[in-house]
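Each reported figure results from applying straightforward, stated rules to the coordinates on display, with no laboratory input. A quick note: this is a predicted structure, and the numbers were derived from the prediction, not measured. Note: ideal-geometry Cβ built from the backbone for every residue, glycine included; neighbour counts use all protein chains shown.
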């Protein structure tokens, strides 16, 4: 009788745990957009204000979709090229604008585009739409300068988009700051008890694109990154011979620009 009671109790807890597992799994699936992206919308009549020269552009795609772009400029007489900057998963261009000086001081224009739902950009956001928007972004740049004067730069969530673009279009360099091996691999890190591959809406397989990238690749990553583990960048760097991994000792996810090594190496990349 005692064994039967224990078995019944164990079965009851098994059902509770299983139900909890299923409910959490369903929530993760339907809420993953909110887990991955943290946009901050801006009023439709919003005007950016920055302390360096810039152009604010609204690129109308269709009735539902508009892409907001800010081009931080340098005089044409000294412009060396254009950096297409794919930012991280938070807020909007205002958050990333302070990084523009890293490029303009080296005589590169840096163009930033908000993803759908971020800032002034509107429309539906999917993995394919992110890739398509990146191609439009590149098309704008190639109309102004040659491919060997375009640098593609990705930060955090933007690294997968940047890598995909560099795999289908020519550029001078691909620079990735705090990249992930793939979004699936990152999801496995956080939710290892779930079969993440069939659950993820955004696979963003950065590593798959490396085989098709012709340009030199440089990766910056900190050893104390609390969002995307350093081991993901280390693993990613092995996917293409010649990839340069710049390890920032004790660097975290959002403070690499504070380190002299980061600034020195980025300046060197932009000078060459």
D (µm²/s, integer) via Stokes-Einstein for region 39-271, Kirkwood Rh across alpha-carbon pairs, 20 °C, 1.002 mPa s: value 120
For residue 89 and residue 45, extending 7 Å from Cα along the Cα-Cβ vector and measuring point to point gives, in nm, a value of 3.5
The FRET efficiency for residue 145 and residue 234, from their Cβ-Cβ distance with R0 = 22 Å and rounded to 0.05, is 0.10
Subtracting the Cα-Cα distance of residue 227 and residue 58 from 0.36 nm times their residue separation yields 57.7 nm
